[in-house]
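Shown next, in structure tokens, is the structure this report addresses.
Coordinate-derived values only; no laboratory data. Keep in mind that this is a model prediction, so the values were computed, not measured. Please note: Cβ atoms are built from the backbone with ideal geometry, for glycine as well, and neighbour counts cover all protein chains shown.
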Amino acid sequence: MAVTSGYLGSEKAHAEHHEEEHDPRESLMYDPLPRGVMNDMVMESMHTTSWKFWVVLGILAFLVATCFFYAWGYMIAKGLGVAGVMRPAYWGVFLVNTVFWIGISHAGTFISAILRVFKAEFRRPFTRAAELMTTFGLIQAGASIFMHLGRVWLAYWMFPIPNERQLWPNFHSPLMWDLLAITTYVLGSTMYLFLPLIPDLAMARDRSTGWRKTFYRILALGFRGTEGEWRHLTTAMNIFAFAIIPVMFSVHTIVSWDFAMAMRPGWSSTVFGPYFVLGALHSGMGAVAIVLVIMRATMKHMDYFIRKEHFDALGKLMMIVSFAYAYFFFNDYIVQWYGGDKWTDTLLHWLEEGPMAWMFYQMVAFNIVIPFLTLWNKRIRTTPWLLALIGLLINVGMYWERYIIVPVTLSINRMPFTWRLYEPRIEIFLTIGTFSMFLLFYMIASRLIPLIPVWEVQEGQMVHTLRKVGKAQVPTVSEFE
Amino acid sequence: MSNLSIDLNHVGAKGALAEEAEGKWGMVIDQDLCTGCQACVAACAMENNLPFVMEEDAAYGRTLHWIRIERFWEGEYPEVRTTPYQPMLCQQCGSAPCEPVCPVFASVHSQAQELNLQVYNRCIGTRYCANNCPYQVRTFNWRDYAIEPFHANDFEGQLVYPLHNQFNPDVTVRRRGVMEKCTFCIQRIHKAEDKAKSEGRDVEDGEFTTACAQACPTNAITFGLLDNPESLVNQLTKHQEHGYHHLEELNTQPRITYLKEG
Amino acid sequence: MSDTTLMALFEDIDPASEAIDKLHEMGVTDDRMNVISGVPVTHKMLGRPHPWTNVSRIALGGAVAGFFVGLFLNFGTPLLYNVSVGGQYITPIPPGLIIVFEMTMLFALLATFLGVFLDSFFPNYRPMEYVPEISDGKIGLFFKVPQDDQQKFADVMNEMGAESVQPTEARQL
């Protein structure tokens, strides 16, 4: 990170910091444009595609066809033997992917729900982009969990529906809690994505022709913007915002309980609940940064909507979450380190000095050291590509963290005769497949769904004014509820 | 089938299980007698239709053996010794950690036999039970090993599997994607109990035994009724001071007592 | 004497709310008026009566339904088909709390979503009175007046600052 050396404590930086007065009109909320102009910009960003877009789309489609569908079909036909799971690591990269994608999806809910509840105005332009990440990430999480089943064609036996055998699933099992929680979360966040989307679909309907108009007309459900419709919509959005927050916390806690309920050294930890939730937010925020940077760089007019202040706020969030993550990580680690339980000790030694030690140290470096060293600096936060790079490193670190928690920790258990190292085989292809599918969905969505909630941006611009207090123009936010 | 009267001593609050930790069917394994010959492993494989997984998978930890002989080395060169051989199989825990975690009730507790059952037809292969077993005795059918072309002979263009002729008709052959584990030869248990019932008596001690106990040349494995005070298993369990349970601290209440350094 | 519906299009909230006041003075009652906008404008700002919504009640009903579904799943199904596992109580309470919570939230969210559809009569693909300028941020004031007084009302609205005043017709959205 050679970039930081010029900024750490140099006199020039201090001087500039004191000099620079943030002109509020640089902020999106204080730089309003007529709604019609903003609508035009959003519609244009959807219609404009360069040849590069189609090339990338084609590559992703090819990867999805081969690394997702073909590879998965092959695995279903041949059995899980083509994967890398074995005794003692019966769970491998599939579970790592599941936890990773659920983690990515948490950021969307955090931004669209928690920030809305706390009335953090900077969330306005990117709630939908984040919420789309949630929906698409959860699809990949669901795919990964189905991939790991030995007889996936019988997965419906987990659903609690009355059947002729009069059998019900086992609600003692954390996997059942998983099923219910993830179903709730997928449905909840998709509905929460759709509700604020309706007025923007209505706008798109009014400004489209041909097949697009039919598509938007059907999805917009006949929304006009009457007082009643707005009232129902905003009431529902408020209920969703408040209700989906506990759901979000419960989902990743329940996923963590898949591990914490098991009696394995390194897994049976009581701190896994909040540890996983914070880890999810950590990787999710990094992913949002990456997505926003790509959006800004590749889509037209996005630089009007997504500005430095959003990256600044996102960077601050990432920093706070990394503090909280470090706190829970250290909690988990020091309790195991201090304890003296023979098996946990062996596990910790193996993590720190064994064949996967490089992954352990990279994880600590990417998740904790790099955010700590960089995100306090405003200049780094407001440099989009740098924030995206930090986000990417955080995501790599979090992936390693889940890899360590699942297959690597499983290698050490209480029966030393069975200890063995896990090697991912077809899981590598399937992982590439899930990432490609996520990106593919996102790229298609970016051209079909208005990524910026324009009505929320206009609403925000209406509530922000510059008020004269004494000699200063003071940015003021009012409440329109 | 609804059973609203539940005997809390068999299944219920964890404290209540302590009295019944004894169990019905049990085993004693004398590690001093075990020579590590693996006859029990072979016998179990023959009795229970275990397929061969071939070298590559076996080296990667995918053997389908329901019982394994664990060998360890002690000491530094040149004073290296083996430890007593350790046959490890499903301990049929009274409070089995593999049972609550199966989402579809494929791993359940038999109240009649007081064993841990694996229902092959119900298993969808989440493998949580295998992760949760502290003894790591559960195995998974990673492929359709029984019908792998490797095992077959090509006879006039058709694949013929000679090993299928030795399958035990009392036991199913499992497809891929299903967990399995030692069942204490429940097919033999059922046969003996059926015979005893038709003759109007109880099962006698020594009337039948599991495949591994039958094959052991040194009689290191003893199988029988734990709750019958006159059975050999009961005597060995109760009256030996050097008996222990594996991973006793986990409170899984295993039904197998190991004897070592007697 | 038949009614027509006129629509006055306003750029901003202030002229719109004054126009509504003026219409009140001229005898147009609230139930003959409708305001359509591109962003939600509160009823207080426009001087309109408090709009009702059933969404919260429907959400609560959904939550109650979900609560009972959760209770049934965790405490009812094991009694229907008793399978014993691992020394745990047949109807365990801690997992029960999880199941009940998730089902309550699921049904509450589904009910909220459904409530929006029911209350707004979505999906509604019939021809409705609408102009596309509204999604450009304008505020449309729809009001019913006797046909003969059309011109009078139109003039008043133009005085109040309307961008345009025209009779509306139901059109395919």
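Counting other beta carbons within 10 Å of each Cβ, put A:VAL271, A:VAL277 in order, fewest first.
On the way: A:VAL271 18, A:VAL277 23.
Least crowded to most crowded, the residues run A:VAL271, A:VAL277.
Please tell me which of these pairs span more than 32 angstrom C-alpha to C-alpha: A:LYS378/A:LYS471; A:LYS213/A:LYS378; A:LYS342/B:LYS238; A:LYS316/A:LYS471?
Values: A:LYS378/A:LYS471 27 Å; A:LYS213/A:LYS378 43 Å; A:LYS342/B:LYS238 29 Å; A:LYS316/A:LYS471 30 Å.
Over 32 Å Cα-Cα: A:LYS213/A:LYS378.
How do A:ILE111, A:ILE290 rank when sorted from fewest to most other Cβ atoms within 10 Å of their own Cβ?
Values: A:ILE111 26, A:ILE290 20.
Listed from fewest to most nearby Cβ atoms, that is A:ILE290, A:ILE111.
In segment A:121-185, which chymotrypsin sites (Phe, Trp or Tyr not before Pro) are in a loop and have at most 14 other Cβ atoms within 10 Å, using DSSP for the loop call? Please report the intermediate quantities before stating the final value.
Details: sites: A:PHE122, A:PHE126, A:PHE136, A:PHE146, A:TRP153, A:TYR156, A:TRP157, A:PHE171, A:TRP177, A:TYR185; in loops: A:PHE171.
Sparse-neighbourhood loop chymotrypsin sites (Phe, Trp or Tyr not before Pro): none present.
Could you tell me how many cubic angstrom of Cα convex hull volume segment C:55-120 has per residue? Present the calculation step by step, with values, prior to reporting the outcome.
Values: hull volume 4.6 nm³, N = 66.
In segment C:55-120, the Cα convex hull volume per residue is 70 Å³.
Take chain B, connect every pair of alpha-carbon atoms lying under 10 Å apart with a spring to form a Gaussian network, then pick out the residue of B:GLU199, B:GLU156, B:GLU207 with the largest mean-square fluctuation.
Maximum among the listed residues: B:GLU156.
Using only Cα atoms, find the angle between the long axis of helix A:127-147 and the longest principal axis of chain A, and express it within 0 to 90 degrees, rounded to the nearest 10.
On a 0 to 90 degree scale, this one is about 20.
On average, how many beta carbons from a partner chain sit within 10 Å of the beta carbon of a residue in C:128-135? Spell out each step's value before the answer.
Numbers: counts 4, 2, 7, 2, 5, 3, 7, 18.
Average neighbour count from other chains, rounded to a whole number: 6.
For segment A:392-481, which chymotrypsin sites (Phe, Trp or Tyr not before Pro) are both in a DSSP coil and crowded by at most 15 other Cβ atoms within 10 Å? Mind showing how you got there, number by number?
Values: sites: A:TYR399, A:TRP400, A:TYR403, A:PHE417, A:TRP419, A:TYR422, A:PHE429, A:PHE435, A:PHE438, A:PHE441, A:TYR442, A:TRP455, A:PHE480; in loops: A:TRP419, A:TYR422, A:PHE480.
In loop regions of segment A:392-481 (DSSP not H, G, I, E or B), the sparsely surrounded chymotrypsin sites (Phe, Trp or Tyr not before Pro) are A:PHE480.
When the scattering of the protein assembly as shown is computed by the Debye formula from its Cα atoms alone, each counted once and equally, what is log10 I(q)/I(0) at q = 0.05, 0.09 Å⁻¹?
Computed log10 I(q)/I(0) values: -0.38, -1.00.
Two decimals is fine: what is log10 I(q)/I(0) at q = 0.20 Å⁻¹ for segment B:103-174, from a Debye sum with one equal scatterer on every Cα and no solvent?
Calculated log10 I(q)/I(0) at the listed q: -0.98.
Which one of B:ALA196, A:MET248, B:GLN240 has its Cα pushed farthest toward the positive end of the charge dipole of the protein assembly as shown, where Lys and Arg give +1 and Asp and Glu give -1 at the Cβ?
Highest projection toward the positive end goes to A:MET248.
Need one number: convex hull volume per residue for segment A:335-481, Cα atoms only, in Å³. Present the calculation step by step, with values, prior to reporting the outcome.
Details: hull volume 34.4 nm³, N = 147.
Cα convex hull per residue, to the nearest whole number: 234 Å³.
Rg (Å, one decimal) plus Dmax (Å, integer) for the alpha carbons of chain A?
Cα only, chain A: 23.8, 78 Å (Rg, Dmax).
So what's segment B:18-259 giving for Cα Rg divided by 2.2 N^0.38 Å, two decimals?
Here the answer is 1.06, to two decimals.
Only Cα pairs under 8 Å and at least 6 apart count here; give the relative contact order of segment C:55-120 as a rounded whole percent. Display every interim value, and only then the final one.
On the way: 78 pairs, mean separation 37.0, N = 66.
Relative contact order here is 56 percent.
So how do A:SER256, A:SER189, A:SER208 line up by other beta-carbon neighbours within 10 Å, fewest first?
Numbers: A:SER256 24, A:SER189 29, A:SER208 17.
Fewest-to-most Cβ neighbours within 10 Å comes out as A:SER208, A:SER256, A:SER189.
So what's the back-of-envelope 222 nm ellipticity for chain B, counting only DSSP H runs of four-plus at -39500 (n - 2.57) apiece and dividing by all residues, rounded to 500?
Computed ellipticity for chain B at 222 nm equals -4500 deg cm²/dmol.
Relative contact order for chain C using alpha-carbon pairs under 8 Å, separation at least 6, rounded to a whole percent? Numbers along the way, then the final one.
On the way: 247 pairs, mean separation 81.8, N = 173.
Normalised by residue count, the contact order of chain C is 47 percent.
Using Cα-Cα distances under 8 Å and only pairs 6 or more residues apart, what relative contact order does segment A:355-437 have, in percent?
Result for segment A:355-437 is 29 percent.
Restricting to DSSP loop positions (anything but H, G, I, E, B) with no more than 10 other Cβ atoms inside 10 Å of their own Cβ, which trypsin sites (Lys or Arg not before Pro) remain in segment B:197-252? Spell out each step's value before the answer.
On the way: sites: B:LYS197, B:ARG201, B:LYS238; in loops: B:ARG201.
Taking segment B:197-252 and a limit of 10 other Cβ atoms within 10 Å, the loop trypsin sites (Lys or Arg not before Pro) found are B:ARG201.
Cα centroid distance between segment A:428-471 and segment B:81-127, in Å?
Segment A:428-471 and segment B:81-127 have Cα centres spaced 49 Å from each other.
Take peptide A:158-165, look around each residue's Cβ out to 10 angstrom, count Cβ atoms belonging to other protein chains, and average those counts. Don't skip to the answer; put the middle values down first.
Numbers: counts 4, 0, 7, 0, 2, 0, 0, 2.
Partner-chain Cβ atoms within 10 Å, mean over residues of A:158-165: 2.
Post the alpha-carbon centroid distance, segment A:177-206 to segment A:231-292, in whole angstrom.
Taking the Cα centre of each part, segment A:177-206 and segment A:231-292 sit 17 Å apart.
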